[in-house]
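Below: one structure, written as structure tokens.
The values are calculated or read from the model by the stated rules, or taken from the named source; none is laboratory data. The model shown is predicted, which means the values in this text are computed figures rather than measured ones. Cβ: placed from backbone, ideal geometry, glycine included. Neighbour counts: every protein chain shown. Side chains included, ligands, DNA and RNA excluded: accessible areas come from the protein's heavy atoms. Shrake-Rupley method; radii C 1.70, N 1.55, O 1.52, S 1.80 Å.
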Amino acid sequence: QVQLEESGGGLVQAGGSLRLSCAASGRTFSIHAMAWFRQAPGKEREFVGGISWSTTSTYYADSVKGRFTISRDYAKNTVYLQMNSLKPEDTGVYYCAAGQVLFTSAPAAYDRWGQGTQVTVSS
């Protein structure tokens, strides 16, 4: 089993930055892809971006391209989501997820999820 734990959420003003972390533990050798999703109140879970566990190739939703960056620290088995130029519409609970399929934005393709961390962007 793979366990995921997010951290780094908080309250930030529009235009500011935050960095989220997702630490993976357990059978990490079974991971092929990691991704970040977010969910605002009353809305469906939305894909933010993902990264190949082995090659570190990344892919992003159009809404965050150029503002968000995903990276991985091999030694720490941790994936990061650097969020810059934050907007109020970026507010939501951010989840990291692990799965077997690369370059997919479908939540169903990811079978391990963290508990989520709240990000609130004030205007």
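Taking the stretch 3-30 as the range and being at pLDDT 95 or above, more than 15 Å from the chain's Cα centre (by Cα) and either within 17 Å of Pro107 (Cβ to Cβ) or open to solvent by less than 30 Å² (accessible area, probe 1.4 Å) (or both) as the test, the residues that pass are Val12, Gly16. Applying the condition of being open to solvent by less than 50 Å² (accessible area, probe 1.4 Å) and free of Cβ contacts under 8 Å to residues at least 60 places away in the same chain to the stretch 77-92 and asking which residue is farthest from Pro41 (Cα to Cα) yields Asn77. The C-beta contact set for the stretch 105-122 (first residue touching a residue at least 24 places away in the same chain (Cβ under 8 Å) and within 19 Å of Gln3 (Cα to Cα), second residue of a type in the set (Asp, Glu) and surrounded by 17 or more Cβ atoms within 10 Å (Cβ to Cβ), distance under 6 angstrom, 6+ apart or interchain) comprises Gly114/Glu6; Thr117/Glu6. Looking only at residues that are of a type outside the set (S, T, N, Q) and part of a loop (DSSP other than H, G, I, E, B) in the stretch 112-123, which one is surrounded by the fewest Cβ atoms within 10 Å (Cβ to Cβ)? Restricting to residues being of a type outside the set (S, T, N, Q) and part of a loop (DSSP other than H, G, I, E, B), the top hit is Gly116. Of all the listed residues (Ala109, Ala33, Ala97), the sole one being open to solvent by less than 50 Å² (accessible area, probe 1.4 Å), under 27 Å from Val12 (Cβ atoms) and of a type in the set (A, V, I, L, M, F, W, C) is Ala97.
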